[in-house]
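The values are calculated or read from the model by the stated rules, or taken from the named source; none is laboratory data. Worth saying up front: this structure is predicted, and the values here are computed from it rather than measured. Quick reminder, even Gly has a Cβ in these numbers, built from the backbone with ideal geometry, and neighbours come from all protein chains shown.
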Amino acid sequence: MGSPAEKGFGQGSPELARWADGVFAPEDGVLREIRERSAAAGLPQIQVGRFDGLHLEVLARAAGARKAVEIGTLAGYSGVCLLRGMGEGGFLHTFEKEPRNAEVARQSFERAGLSGRVRIHLGAALERLRDIAGEGPFDLVFVDADKQRYPDYLAWAEEHLRLGGVILADNAFGFGHVHDAGYRGEDAGSVEPLRRFNERLARGGRFRATMIPTEEGLAMGVKVR
Ligand SMILES: C[S@@+](CC[C@H](N)C(=O)[O-])C[C@H]1O[C@@H](n2cnc3c(N)ncnc32)[C@H](O)[C@@H]1O
């Protein structure tokens, strides 16, 4: 199934969603252009939804993040949101395995006027993350890439976030199946590791965690130990 291009909002009422869109204006022209250019370039339309992007910006701001890590760049949509939340002094390391996606993202950061505050690391994140281990501890880690590796990314965040640092992870509802241990559908290979990720985040003792009930589920934990 994967992520829908258009994400639901709140109670599922289209009228309520339109109202919230009008009041909070989650997507400006810069972000809309990224979404449209990414679609025109043939990239999969699996970036965060408009409100998810706003959540990321506001949460990064609330956390006072200055040094952040993003796993899963795609076209740079969520990266721009995180950087906006971090303000002038913020820096983002973002990891992407597909050269074509990284090139579209490079253009996105440039057009958003953020090129000097981001580094795109090309390659498999779990290997490339080693390159920045010495630059930690980090204030925020956003996980939005291969679901099978979420438990590994959580383990990395446990070691490399500062105390009080924040982990955010998209798709934590496992495409609606994370609660169902008997699920055997097409996303089964992603759902089981996502379940382990949530259980370790919630009960592993390193984070105080919650689930923000977006359409995809945005898990959030603050490192306490
Ligand atoms: C859901 S998209 C990220 C969307 C992006 N965070 C946004 O909202 O704008 C997932 C991205 O992770 C990348 N990816 C998947 N597995 C990866 C891996 N092992 N290492 C690095 N990137 C990976 C994919 O190529 C894809 O671009």
For this session: May I ask you to list the residues in the stretch 3-31 that are surrounded by 13 or more Cβ atoms within 10 Å (Cβ to Cβ) and on the phi > 0 side of the Ramachandran plot?
Result: Gly10
For this session: Inspect all residues belonging to the stretch 167-181 and state whether any of them is buried (at least 17 other Cβ atoms within 10 Å of the Cβ) and either more than 17 Å from the chain's Cα centre (by Cα) or at pLDDT below 95 (or both).
Result: yes
For this session: Output the residues belonging to the stretch 173-197 that are within 20 Å of Gly49 (Cβ to Cβ) and out of contact with any helix residue (DSSP H, G or I) (no Cβ under 6 Å at 6 or more places or on another chain).
Result: Phe173, Phe175, Gly176
Exercise. Can you tell which of Leu163, Leu154 is out of contact with any Asp or Glu (no Cβ under 9 Å at 6 or more places or on another chain), surrounded by 21 or more Cβ atoms within 10 Å (Cβ to Cβ), more than 23 Å from Leu54 (Cβ to Cβ) and of a type outside the set (S, T, N, Q)?
Worked result: Leu154
For this session: Can you confirm whether the stretch 81-97 contains a residue that is closer than 24 Å to Phe9 by Cα and in contact with a Ser or Thr (Cβ under 9 Å, 6 or more places away or on another chain)?
Result: yes
